[in-house]
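Peer 1: Below is one structure. I have some questions about it.
The values are calculated or read from the model by the stated rules, or taken from the named source; none is laboratory data. Given the structure is predicted, the values throughout are model-derived calculations rather than measurements. Because the Cβ atoms are built from the backbone with ideal geometry, glycine has one as well, and the counts that use them run over all protein chains shown. To get the accessible areas, we keep the full protein, side chains included, count just its heavy atoms, and leave off ligands, DNA and RNA. Shrake-Rupley method; radii C 1.70, N 1.55, O 1.52, S 1.80 Å.
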Amino acid sequence: MRISPYQWPEDGDEHDVLVGIAPKRVTLLLEGRNAWHSKWIRSYQGSAAMFLNQASARDAAEERRKQGSVFYVFDTPALLLFGVYTNCIVTDFHQDDPFNGFVGFRQPTYDPWLGWRGILPGVKMQTAVASIGPERSMWEDRSLSQHSFIRGSVSDGREIADLEGGLVSVSSFSQGGAYRLGWRDREQRYSTKSVSRATDVWFEHMHAIPEVRRLMRSVWETSDHGARDQPKSSVEDSRQLLATALLNHASNTWRPD
């Protein structure tokens, strides 16, 4: 299954609040074309698509195949951002260690138009999603490209695979027009260090807020690792209680310069 691109405002809610994050794994599909002198061109601009798993990405490659095409299908670490009403999965796939150098995990940045930015308790969902992008102020030393970031909209974050289990990377080869594509293993280049660390830092922030600690268990159980038969209304109720506590904390703690 392909993960639909996250679009604002269609997939968002201006009042939604970021209430949790989780390390995840998604699969990307890139297409290359045979170029002059038998060199391969890998197109990172406009052709990358996000899928739930390897099988669905390889099926999509079959539908797109043309003479001379080569496809790259690879798992990459991702961050699931979940709010009260909406969820967004985002990956930073140009870096070998995705999200390395992102300063928004540690401290908020104030924008007079958007408000507080970063991946921190109390940030609005809209600005949290917008924070992970090519704006240089949100990163330590790094050459940035807007094509590095892919965002997907998911109705239930529990459908996204956990980061555990290893990452797979393959490239296609033709076995003839009457047959499905073949796939060769490629070296997997991604580190999960920064994605995992981001989650640790998030919970450090959350546990430091006394009024939030007692609410965390119910939200966590109904968001990512909880029972899949949890009613949607129960999920939203639990998240709304936590969102209110986080907004109160932010308004009492953060002050623009």
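Peer 1: Taking the square root of 5 times each eigenvalue of the Cα gyration tensor, what semi-axes in Å does the equivalent ellipsoid of segment 161-218 have, largest first?
Peer 2: Working: eigenvalues 379, 35, 8 Å².
Here the semi-axes work out to 44, 13, 6 Å.
Peer 1: Estimate the FRET efficiency between E159 and W254 by the formula 1/(1 + (r/R0)^6), using the beta-carbon distance for r and 22 Å for R0, to the nearest 0.05.
Peer 2: Values: r = 33 Å, r/R0 = 1.51.
FRET efficiency, E159 to W254: 0.10.
Peer 1: On to the next question. Just add up the charged neighbours of E204: K/R +1, D/E -1, any other residue whose Cβ is under 13 Å from the Cβ of E204. Don't skip to the answer; put the middle values down first.
Peer 2: Values: positive: R106, R197, R213; negative: D200.
The answer is +2.
Peer 1: Enumerate the amide H contacts of D97 below 5 Å, restricted to partners 5 or more residues apart or on another chain; note that Pro and chain-start residues carry no placed amide H.
Peer 2: Under 5 Å from the amide H of D97: S191.
Peer 1: Excluding ligands, DNA and RNA, what is the solvent-accessible area per residue of segment 114-168 at a probe of 1.4 Å, expressed in Å²?
Peer 2: Numbers: 2310 Å² over 55 residues.
Roughly 42 Å² per residue, with all protein chains present.
Peer 1: Within the chain, which is the longest segment that contains none of the GluC sites (Glu not before Pro) sitting in a DSSP loop with at most 11 other Cβ atoms within 10 Å? Walk me through the numbers on the way to the answer.
Peer 2: Details: sites that count: E10, E14, E140, E164, E187.
Of all site-free stretches, the longest is 15-139.
Peer 1: The chain: longest stretch without exposed trypsin sites (Lys or Arg not before Pro) (DSSP loop, at most 10 other Cβ within 10 Å), sites themselves excluded?
Peer 2: Numbers: sites that count: K39, K66, R228.
For trypsin sites (Lys or Arg not before Pro) (loop position, at most 10 other Cβ atoms within 10 Å), the longest site-free span of the chain is 67-227.
Peer 1: Can you check what the net charge comes to around A130, using other residues whose Cβ is under 11 Å from the Cβ of A130 (Lys, Arg +1; Asp, Glu -1)? Intermediate values should be presented prior to the final figure.
Peer 2: Values: positive: R117, K124, R151; negative: D111, E135.
With Lys, Arg at +1 and Asp, Glu at -1, the neighbours total +1.
Peer 1: Let me ask something else. Rounded to the nearest percent, how much of the accessible area of the chain (1.4 Å probe, protein heavy atoms only) is carbon and sulfur?
Peer 2: Values: 6250 of 13190 Å².
It is 47 percent, rounded to a whole number.
Peer 1: In the chain, with Lys and Arg counted as +1 and Asp and Glu as -1 at Cβ, which of these residues, S174, H94, Q188, has the Cα nearest the positive end of the dipole, that is, farthest along it?
Peer 2: Toward the positive end, the furthest listed residue is S174.
Peer 1: Taking only C-alpha pairs under 8 Å that are 6+ residues apart, what is the relative contact order of the chain in percent? Please report the intermediate quantities before stating the final value.
Peer 2: Details: 488 pairs, mean separation 61.1, N = 257.
Contact order relative to length: 24 percent.
Peer 1: What's the FRET efficiency of E63 with H94 using the Cβ-Cβ distance as r and R₀ = 30 Å, to the nearest 0.05?
Peer 2: 0.70
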